[in-house]
2 protein chains.
Amino acid sequence: VVSFFTSRTVSWEDGEVRMVDQTKLPGRFVSASLSRPEEVADAIRRMVVRGAPAIGVAAAMGVALAVVRSDAPDMKALAGHVRAASSLMRSTRPTAVNLFWGVERAEAAALRSRSVREARERVSSEVKAMEEEDVAANRLLGKAGARLIDNGDTILTQCNAGALATVGYGTALGVVRAAVEEGKLVKVLVPETRPALQGARLTAFELLSDGIECTLISDTAVGHMLANGRADKVVVGADRITRDRWVFNKIGTYQEAVLADRHSVPFYVAAPVSTFDEKKTHDQVVIEERAAEEVAVVKGRRVAPKGVPVANPAFDATPPELVKGIFTEKGVLYPPFGASG
Amino acid sequence: VVSFFTSRTVSWEDGEVRMVDQTKLPGRFVSASLSRPEEVADAIRRMVVRGAPAIGVAAAMGVALAVVRSDAPDMKALAGHVRAASSLMRSTRPTAVNLFWGVERAEAAALRSRSVREARERVSSEVKAMEEEDVAANRLLGKAGARLIDNGDTILTQCNAGALATVGYGTALGVVRAAVEEGKLVKVLVPETRPALQGARLTAFELLSDGIECTLISDTAVGHMLANGRADKVVVGADRITRDRWVFNKIGTYQEAVLADRHSVPFYVAAPVSTFDEKKTHDQVVIEERAAEEVAVVKGRRVAPKGVPVANPAFDATPPELVKGIFTEKGVLYPPFGASG
């Protein structure tokens, strides 16, 4: 049995990217080793790896693969390879800002080198550092958030903002793990999170594996549970927090925030600083629209009539007035969140 | 291709109960003929037939089967058979009040007879009358509601309050059909309605069959759609409207009402008078808790880890302050809805 207190979802090992194949969970816990940028791009698109912090690091590693595998004779040729890989990575998914941040960091490490050999070394140590930093940031933000969690709390979350959404430890579930490590009894209420079922498949799996008490519900039961006092706090992750401090996260987050507000249940966001986008305001963010089949077909079985039109936005936007605090590795931000927008 | 403007979901035919098997939809549209009360009880429990008005009529027909099939020599013996069948029907599902209303009506028709032969005739004509009345009520409430629907409206619904939830024509979808029959262009936004997926399986199927434009969404996308102006009105059915005018309906309805309220989208309920429970207030209603497997397993495929605890309430309660109007066959009720509680 894996412990998600210590496991790594994505890691850089001897010039290859090793990642847990999340499409196989909860049935099988298996990893894949990827050696080409195209394989990493495909893994991000197919959600073999998902979660904003995890895809940020994975995308950086995709760029790193282009560098360490490149046969470029000089820096000029290498720069071409790097830019092609960066552009490939940026095309995979549009909403999580960490992806663009990760690509930029790996790209910069490569391009500021004076030789191909130096670039290989720099980019390798850069992505390994990003990997370590991600876990360290999650442990810090987890501790910061855990201070607001009381012994006996039931925490409602959304999607998977756990070890599997990051390199390790998790953001929202990092807060839960930190509270557990402090000796607090914490339970988690887990909406299944249609269409991709990350709550049912991943969050429930992580929590069961770690022996943390949880209850799975349909997404339709969130309001009923909050109305009946079945959650004390809400803690979710984020894919992008804009300059005007709107929180973009998995579809379904916004309605949880509205319902938490109605029932005076505090709604918190747990996200590393790499999730903050100081360039864009909320109206400038592209919300990814995914395939109709994600909704119409579940695990290969059709659940809706053929030909029915589907809208499948993967993310939604929660306005800052519904957020009681943002847990980061630099501490807890409270309204107005140092908004620069 | 079936037309849900005219089809019958449940009907009394030559002393048998004929019903569409909704567990097979949208893959196959097939009907079953049931001749024993036990078969009807099982069909209600397994949601072969579902929807408050449909199970009200089906349960009455279950009692009627006990009467027409009884070998009782006298009224005293018959009364025993009737009471056993009524009690069996009442034990199937606890939340929809129509079920109790339907059983009571069939029981009363049988028990006020002076001979077994008279009871057989009375109960047969009673359930046939209930069948006709249901369609007539839906056409009337549909017309009443359609007056509030504008040409070009997109209507958000929940679950299936359509022809398949009633004997025919539907309640919430009856309003849509009446608007279409008046020549209005109406679109429907359909949440899939986990766990049992009545939106995806049944509502989308009805609307596609009838050529009414619709878009399927995950339940997680309701808030996002309302926040982005993607629905003009909400119309849902009801399983029970209590004396204090709380609306019990499929899980997920309450959160739609809260979100509609936040975005100033009017929230309407379409329900026949048989859905009103003048005896109970909202705190006295039992909300059915269904099996964990409904959430953890979709179409035979496991989507959550084995052993994960599940909460699976089948209904929720919407307070009257979130409801802008109730469409009934007697007209539209506006707040305070003639509340007697």
**Complete:** Under 5 Å from the placed amide H of A:PHE315, counting only residues 5+ away or on other chains, we find A:ILE251, A:GLU288
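Quickly rank B:260-273, A:226-239 as a protection proxy: mean count of other C-beta atoms within 10 Å, highest first.
Working: B:260-273: 20.6, A:226-239: 22.9.
Top to bottom by mean Cβ count within 10 Å: A:226-239, B:260-273.
Can you tally the net charge around B:ILE44? Count Lys and Arg as +1, Asp and Glu as -1, for every other residue whose Cβ sits under 12 Å from the Cβ of B:ILE44. Walk me through the intermediate numbers first.
Working: positive: B:ARG45, B:ARG46, B:ARG50, B:ARG90, B:ARG93; negative: B:GLU38, B:GLU39, B:ASP42, B:GLU288.
Its environment carries a net charge of +1.
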**Item:** Part-to-part distance (alpha-carbon centres) for the stretch A:131-181 and the stretch B:254-332, which is given in Å
**Value:** 32 Å
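What is the average number of partner chain Cβ atoms found within 10 Å of a Cβ in A:203-209? Before the final figure, lay out each step's value.
Working: counts 2, 8, 3, 1, 2, 6, 1.
That average works out to 3.
Can you work out the accessible area per residue across chain A, with the rest of the protein chains kept in place, probe 1.4 Å, in square angstrom?
Details: 11940 Å² over 341 residues.
Using a 1.4 Å probe on heavy atoms only, each residue of chain A averages 35 Å².
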**Request:** Take every residue in peptide B:293-299, count the Cβ atoms of other chains within 10 Å of its Cβ, and give the average of those counts.
**Result:** 4
**Message:** As a test of reading the structure, rank B:ASP277, A:ASP14 by solvent-accessible area (1.4 Å probe, protein chains only), most first.
**Reply:** A:ASP14, B:ASP277
**Request:** Sticking with the crude label model, points 7 Å out along Cα→Cβ, report the distance from B:LYS24 to A:GLU13 in nm, one decimal please.
**Result:** 5.1 nm
**Message:** Label position 7 Å from Cα toward Cβ: report the copy-to-copy distances for A:ASN228 in nm, one decimal, ordered from shortest.
**Reply:** 3.2
**Request:** Would you work out what percent of the accessible area of the stretch B:212-341, with all protein chains in place, is carbon or sulfur (probe 1.4 Å)?
**Result:** 49 percent
**Asked** Based on the Cα gyration tensor of the stretch B:78-231, what are the three equivalent ellipsoid semi-axes, each the root of five times an eigenvalue, rounded to whole Å and given largest first?
**Response** 37, 18, 11
**Asked** Tell me, what does the Kirkwood hydrodynamic radius of the protein assembly as shown come to in angstroms if you use every pair of distinct C-alpha atoms?
**Response** 26.5 Å
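Sorted by accessible area (1.4 Å probe), largest first, how do A:HIS224, A:HIS81 line up? Can you show the working numbers first?
Numbers: A:HIS224 30, A:HIS81 75 Å².
Order by accessible area, largest first: A:HIS81, A:HIS224.
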**Item:** Residue-level accessible surface for B:MET19, protein heavy atoms, 1.4 Å, Å²
**Value:** 0 Å²
**Asked** Each residue of the stretch A:296-306 in turn: what ³J(HN,Hα) in whole Hz from Karplus with 6.51, -1.76, 1.60 and θ = phi - 60°, glycine and Pro shown as x?
**Response** 7, 10, 10, 6, x, 9, 6, 10, 9, x, 4
**Request:** For a label point 7 Å from the Cα of B:GLU213 along Cα→C-beta, name the residues of the stretch B:154-185 whose backbone N is under 15 Å from it.
**Result:** B:154-156, B:180, B:183-185
**Complete:** Output row for B:ARG46: copy-to-copy label distances, label 7 Å along Cα→C-beta, ascending, in nanometres, one decimal, is 3.7
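Under 8 Å for C-alpha pairs, at least 6 residues apart: give me the relative contact order for the stretch A:56-201, rounded to a whole percent. Let's see the in-between values first.
Working: 212 pairs, mean separation 29.5, N = 146.
Relative contact order of the stretch A:56-201: 20 percent.
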**Message:** At a threshold of 8 angstrom on Cα-Cα distance, excluding pairs fewer than six apart, so keeping six or more, what relative contact order does the stretch B:50-118 reach in percent?
**Reply:** 48 percent
**Asked** Given labels modelled 7 Å from the Cα in the Cβ direction, how far is it in nm from B:ARG114 to B:LYS128?
**Response** 2.3 nm
**Request:** Can you tell me the FRET efficiency between A:ALA77 and B:ARG302 if r is taken as the Cβ-Cβ distance and R0 is 60 Å, rounded to the nearest 0.05?
**Result:** 0.75
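Take the alpha-carbon positions of chain A, form their convex hull, and give its projected area averaged over all directions (one quarter of the hull surface) in nm².
For chain A, the mean projected area of the Cα convex hull comes to 17.0 nm².
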**Message:** Below 14 angstrom from the Cβ of A:LYS128, what's the summed charge of the other residues (Lys, Arg +1; Asp, Glu -1)?
**Reply:** -4
**Message:** Treating the point 7 Å from Cα along Cα-beta-carbon as the label, what are the nm separations from B:THR23 to the other copies, to one decimal?
**Reply:** 3.2
**Request:** Would you mind telling me which residue in B:LEU202, B:LEU164, B:LEU185 has the biggest mean-square fluctuation in a Gaussian network model of chain B, where springs connect alpha carbons within a distance under 10 angstrom?
**Result:** B:LEU185
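Do you know the relative contact order of chain B, to the nearest whole percent, from alpha carbon pairs under 8 angstrom that are 6+ apart? Numbers along the way, then the final one.
Values: 752 pairs, mean separation 58.9, N = 341.
RCO, chain B: 17 percent.
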**Asked** What number, rounded to the nearest 500 deg cm²/dmol, is the helix-based mean residue ellipticity at 222 nm of chain A, given -39500 (n - 2.57) per DSSP H run of at least four residues and division by all its residues?
**Response** -11500 deg cm²/dmol
**Asked** Mind listing the phi-derived Karplus ³J(HN,Hα) values for the stretch B:153-158, rounded to whole Hz, using 6.51, -1.76 and 1.60 with θ = phi - 60°, and x for any glycine or proline?
**Response** 5, 9, 10, 7, 10, 8
**Prompt:** Can you give the net charge of the other residues whose Cβ lies under 9 Å from the Cβ of B:SER11, counting K and R as +1 and D and E as -1?
**Reply:** +1
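Applying 1/(1 + (r/R0)^6) with R0 = 30 Å to the Cβ-Cβ distance of A:SER87 and A:GLU121, what FRET efficiency is obtained, to the nearest 0.05?
Result of the calculation: an efficiency of 0.80.
Using the membrane-span-like helix rule (whole DSSP H runs, Cα extent along the own axis of at least 15 Å, mean Kyte-Doolittle hydropathy at least 0.0), which helices of chain A qualify?
The answer, listed by residue number, is A:52-68, A:75-90, A:97-111.
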**Asked** Any idea what the dipole of the protein assembly as shown comes to, in debye rounded to 20, about its Cα centre with Lys/Arg Cβ at +1 and Asp/Glu Cβ at -1?
**Response** 540 debye
**Request:** Mind checking which of B:VAL273, B:CYS214, B:THR253 is farthest towards the positive end of the stretch B:214-273's charge dipole, using Cβ charges of +1 (Lys, Arg) and -1 (Asp, Glu) about the Cα centre?
**Result:** B:VAL273
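The values are calculated or read from the model by the stated rules, or taken from the named source; none is laboratory data. Quick caveat: nothing in here was measured; it's all calculated off a predicted structure. As a convention, Cβ positions derive from the backbone with ideal geometry for all residues, glycine included, and neighbour counts pool all protein chains shown. Heavy atoms of the whole protein, side chains included, go into the accessibility calculation; ligands, DNA and RNA do not. Shrake-Rupley method; radii C 1.70, N 1.55, O 1.52, S 1.80 Å.
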